[in-house]
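The values are calculated or read from the model by the stated rules, or taken from the named source; none is laboratory data. From a predicted model like this one, the values you see are computed outputs, not experimental measurements. Here the Cβ positions follow ideal geometry from the backbone for every residue, glycine too, while neighbour counts run over all protein chains shown. The area values use the complete protein model at the heavy-atom level, side chains included, leaving out ligands, DNA and RNA. Shrake-Rupley method; radii C 1.70, N 1.55, O 1.52, S 1.80 Å.
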Amino acid sequence: MLKRKSVNTVAIVLLLALAGLNFVITVPYSTYAAVLFIWLSLTVLGSFFVQWNYHLKSYHSNKAINENWVSITFDDGPNREITPKILEILKKNGAKATFFCVGKYMEKYPDLTNRIIEEGHTLGNHTYSHPEAFGFFGTSKVVEELRKTKSLIKELTDSDTNLYRPAFGVTNPNIEKAVKQLELKPIGWNVRSLDTTSRPVKTVLRRITSKVSKGDIILLHDTSEKTIKVLERLLVFLQEKNLRSVTVEQLLDIDSHA
Ligand SMILES: [Zn+2]
């Protein structure tokens, strides 16, 4: 897969080669522009597709496991209306999940935050305020967002975590530095449900069921009624396929404690 460092090196070498060639023949400006355009396109795409591991290596699945396990993950909660319903459904089905929570909502709903842990699920870091401009933050601001939520989890639940789900799935050199500084483990996904879009329940469910198999990490959000309906049907589907949802650290066989 493409990596930022090798793409940057190739772009610099190409530009220098073109500049050298310019002493022999006239290289049109459009050639330089084409190299820069390709470099920029790869950088932007690599920042948005966490699965590329372009800036930062994340965990996206564990296809090597023998057990019939998958991991359902929920981002952007806890949510006062939705998270309790999600927890009920998970309990009824004996399923475990991972909740990548936003710090400011954990502060607002400490009981829900604790309930997630008490019911055997895993809590992960999903920034403090999930700012829209997160991808443009400098390293110190990214560190602040992640450190605040890390401390909150410790303070509220008396347990710690090194699991981080990139907000908007965005990674870049500043996020890479912050993640390394705080020794976090970035957790991506390989089955994206698109449950936050206007797509109907059936379509969202089909997106998951058409590709899910053992070792997969499924991305959902505990922020809408639609996801509740999707989850209910998804758990029935998984049961029929003899698949069980476990927490990401169990699926990935990693230590989630900081
Ligand atoms: Zn999010």
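Here are the numbers for the structure shown:
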read-out: Low-density loop positions, GluC sites (Glu not before Pro), the stretch 121-151 - DSSP coil, at most 11 other Cβ in 10 Å; value: E132
read-out: Loop sites in the stretch 1-97: trypsin sites (Lys or Arg not before Pro), DSSP, at most 12 other Cβ within 10 Å; value: K63, R80
read-out: The chain - convex hull of the alpha-carbon atoms, volume per residue in Å³; value: 140 Å³
read-out: Value at 222 nm in deg cm²/dmol, rounded to 500, when DSSP H runs of n ≥ 4 in the chain each add -39,500 (n - 2.57); value: -14500 deg cm²/dmol
read-out: Of all accessible heavy-atom area on the stretch 111-223, the percent that carbon and sulfur account for (1.4 Å); value: 48 percent
read-out: Debye-sum result for the stretch 124-258 in log10 I(q)/I(0), which assumes one identical scatterer on each alpha carbon, at q = 0.09, 0.13 Å⁻¹; value: -0.31, -0.64
read-out: Whichever lysines have a C-alpha closer than 18 Å to that of K85, once near sequence neighbours (fewer than 8 apart) are set aside; value: K96, K108, K226, K229
read-out: Environment charge of A64, counting only residues whose C-beta is closer than 14 Å and scoring Lys/Arg +1, Asp/Glu -1; value: -1
read-out: Largest-first principal axis extents of the Cα set of the stretch 4-48 (Å); value: 39, 18, 5
read-out: Sulfur and carbon atoms: percent of accessible area, the stretch 4-48 [1.4 Å]; value: 82 percent
read-out: Beta bridges by DSSP in the chain, antiparallel share as percent, to the nearest 5; value: 5 percent
read-out: Cα-Cα over 19 Å, subset of K91/K185; K5/K180; K57/K241; K3/K148; K5/K57; value: K91/K185; K57/K241; K3/K148
